[in-house]
Every structure is written in structure tokens, then in C-alpha cells.
1. Heavy atoms only, 1.4 Å probe, whole protein assembly: order 143, 237, 231 by accessible area, highest first.
2. At 1.4 Å probe size, with every protein chain present, just tell me what the per residue accessible area of the stretch 192-295 comes to in Å².
3. Give me the accessible area per residue for the stretch 301-379, probe 1.4 Å, as a whole number in Å².
4. How far is it, in nm, from the label point at residue 236 to the one at residue 348 when both lie 7 Å from their Cα along the line to the Cβ?
5. For residue 209, enumerate residues with amide H under 5 Å from its amide H, sequence gap 5+ or separate chain, H modeled in the peptide plane.
6. Using only the Cα atoms of the stretch 143-258, each taken as one equal point scatterer with no solvent, compute I(q) by the Debye sum, divide by I(0), and report log10 of the ratio at q = 0.11, 0.14, 0.15, 0.18 Å⁻¹.
7. Once amide H atoms are built 1.01 Å from N in the peptide plane, which residues 5 or more positions from residue 332, or in another chain, come under 5 Å H to H?
8. For a quick size check, give me the Cα extents of the stretch 234-277 along its three principal axes, largest first, whole Å.
Amino acid sequence: MSQSHSSSCFSSSSSSPIWLYSYIKLRFFNRIRRFLRSKAGRKRYTPSDHDHHQLAIKDCSRDDAVEVVQGDVLQAMETTKVDCCRGGGDDVAAGLQRAVKRLHFGSGEEKEMAAKEIQSLAKEDVKLRKLVAELGVIPVLVTMASSEVAHRRRVAVAALIELANGTYTNKAIMLESGILSKLPKNTNLLDEPTKLEFSQLLLTLSSLANTPFPLAPSEIVPFIINILESTTSSIDTKQSCLGTLYNLSIVLENAGPLVSNGVVDTFLKLCSTKELSEKALATLGNLVVTLMGKNAMENGPMVPESLIEILTWEDKPKCQELSAYILMILAHQSSAQREKMSKLGIVAVLLEVALLGSPLAQKRALKLLQLFSDERQAKMGPHSGPQTGRIGMGSPVNQRASQEGKKMMKSLVKQSLHKNMEMITRRADAAGESSKLKALVISTSSKSLPY
């Protein structure tokens, strides 16, 4: 490219073109990566002409490498015109130089200080966050995240959380650098702040679950389940873990690893905690539409008791909606599940939800009631009860029996509705509302409700 063309590109706007911005940072990143690889001596060569070149690189002094970092950081910042501090661009450049230099070439304590400084810089500006990541700091921070020194590990994870905020590329680099393989194997040895920070980082990374970038749930789920089942984990930590598993459950292909790692049983236990119930139920709702998830729930010892109990939570309408949805899926085409639910008194609970629940909860409750109504009608078909002989369809005896049967059914329905309404009206706040509800049920009886 000619110099005149380059000059016109710089003068056309206050910032350089995107392609030039990316090119310069990529060039710097490749130089640093080549230097670090040669410094670590990871590749072995047989005696050849390449030995002289390799030795020359290894003999490169630390001061020369630092000069490379300082020069390219300044060049990248000048080219991209990063100004996070609104007038403090020189301070930002100096801080960035210092942090990158310490992180790549410093001692353990210097790396900790650099991680803190990078965390602080990453909070300021999205453009700077991307620039810092492309200067090669993420792989170093990922390595620090597996450190045996607890404080060093925490500052690295905190910096990674900030760098991952709002940037798809940075999250992908973290996964590519092996952050999932750095997760602690024994969560019982972690203090609560460390567990919280790891869970927040995984929650951020799990947003990639529904993207083409590979995200292995088999590496994440065991770590998350251990935290959820720990009695020392805080509600905030568990909420972050639930959010991670919810993001994973959106992808149907992840149902297998989730179910095989015991997510269903763990979530059914957590459903009893109101602060955690909504996210747990939402995840179970994603799993119940899969064959493995549905089978695991049907075989769960807490199903359907715990889900029916959640239907009575008047102060948690969203939980009622989600519980009704799961029960609706389980009851569909499963007479065994419907029989279980019926024995546990689900009809009375559904009647209450159908009258007092949110619009969506009412709709789902009515669908469930329709299932039970259809099943009862099927049981009371032409083959039910004692058979005394054939009677013609148009005979007076058959008509009288039909009329008596209808009257009996209406009477039974009214009695059932009255009984359930007495329970409902006791919970109503105003006496006027109770009378309106009673009048509504008496007037509509079996026409408005399917049961």
C-alpha cells in the first residue's frame, strides 16, 4: 500500500480503519507468541541449519523482549487511538505497558499486580478490553487460574471475568486456552469467594453454548454439580451455577451429559428453595422435552409431589407456570403419571390455579384438567359398570338412564367444585371476591371447567 493511500486512511477519520486496527494488533500478538514459544523451548529440532536460528532467538535478552512489548503497545494504542480515560491516554498507555510486561516476564507477585491492573483497565472501555486480550494476556491469565496459590488464582479469575464481559472473541480465546481444564478438581478445598468467581466466569462463558464455538458440558457439569450440592455454597454462587446449566440446557444435544451427571435429581431438590426454584424449573422445562430428561423425571422420587407443591406458591407465579408446564408434559400420554397426580390431589390444586393463577398458569392448569376429564370420560365408557343386557338407543329406558346419569354427574361436579371453593375462598383477601368466585363456579359449573 502506498504512503499516500495510508495517509488518506488516517486522515479520513479520528480512528484508523478496522482492518488496519486488527492487522497491527495481530502482528504484535504473533510476535509475542513466537517469542514466548521460543523462550519456553517447547519444540525440539534435530541438528540442522534451523538450530542457529533457534539459538539466536533463545539468546534474545529479556530487555530486548521488553522493548518489543513497550514499542508495540504504544504503536497499537496510537494506531487505534484508545482513549479510555478521556484525556488520560498517556496514563492508560503507561499502565498497559507495565501490566503486559509484568504479566509476560514478571515474577509471581508481579503477575498478580499485573492481573489486578488489567482487571482495572478492562472495566473502563470495551475497545481497550479487546486490545488487552489481543496483546496475549489471556493465555497467561488462564495458566494463573490453575495456580496452587489461592490469591494468585483469584486475581486471575477476576481479570478473566472482566475481559470476557461483552466480547465473544475473548470468551473464545479463553476456551481455546483451556480454561475448562483448569477448573479445580476438589471444590471442597475452595473458599466461598473463589467458588463464586469461578461460577461467575463459567456463567459468562456458557453464553457460547448456543454458538458454533464448541463448549464441552462434560467438563463443566461435574464442577457445577459439586458446588450446587455443597452445603457451604452461598445462594449467589448457586444462582450463577444454575444460570450456567440453564444456558447449556438450551441446546438439546447437551441433555445427555446433563442428565447422566445427575442434574435432574439435584435440581428437583433445589426446587424446594424459593430463591433458586425459578431457574431450576426453567432448566427442567428444557430437559423434560427430551426422552432422557422425561424418563429421569418420571423415575425421580420427588416427582410429582414437589411439582404439585410448587403449584400452591401463590407468591411465585412464574414458578407456578413452569411447574404446570412440566406436569403437563409428564401427564401427556402417561396414565401412570396421571394416576400418581390424581392420588396426590392435583385436581383441587389445579382448580385453584385455574381461578387465581396468572393468565399463563390458568391456561396450563385448564389443559391439565382437560387431561383428567378426558381420562375419566374414557373410564366411564360403554364397557364400564355392570352390563345388564342390550337396550335400544331410542328406547325410553335408555333415555331415562341417560338423563339420570347426566344429572348425577352434574351433581358430583357441583359438589366437588363447592368443596374446593371453600378452600379457595378461605385464602381470598376480600369477602366480596369470595362471593364472586362462588357465583362464577355455580353458574358455569361443568361448562367452564373440564373436570
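The values are calculated or read from the model by the stated rules, or taken from the named source; none is laboratory data. Keep in mind the model is a prediction, meaning the values are calculated, not measured. Heads up, the Cβs are rebuilt from the backbone with ideal geometry, glycines too, and the neighbour counts pull from every protein chain shown. Note: accessible area is taken over every heavy atom of the protein model, side chains too, but ligands, DNA and RNA are not part of it. Shrake-Rupley method; radii C 1.70, N 1.55, O 1.52, S 1.80 Å.
1. Ranking 143, 237, 231 by accessible area, largest first, yields 231, 143, 237.
2. Dividing the accessible area of the stretch 192-295 by its residue count gives 39 Å².
3. Per residue, the stretch 301-379 has 46 Å² of solvent-accessible surface.
4. Rounded to a tenth, the inter-label distance reads 4.3 nm.
5. HN-HN under 5 Å from residue 209: empty list.
6. Calculated log10 I(q)/I(0) at the listed q: -0.31, -0.52, -0.60, -0.89.
7. Amide H neighbours of residue 332: none.
8. Largest first, the stretch 234-277 extends 28, 17, 13 Å along its Cα principal axes.
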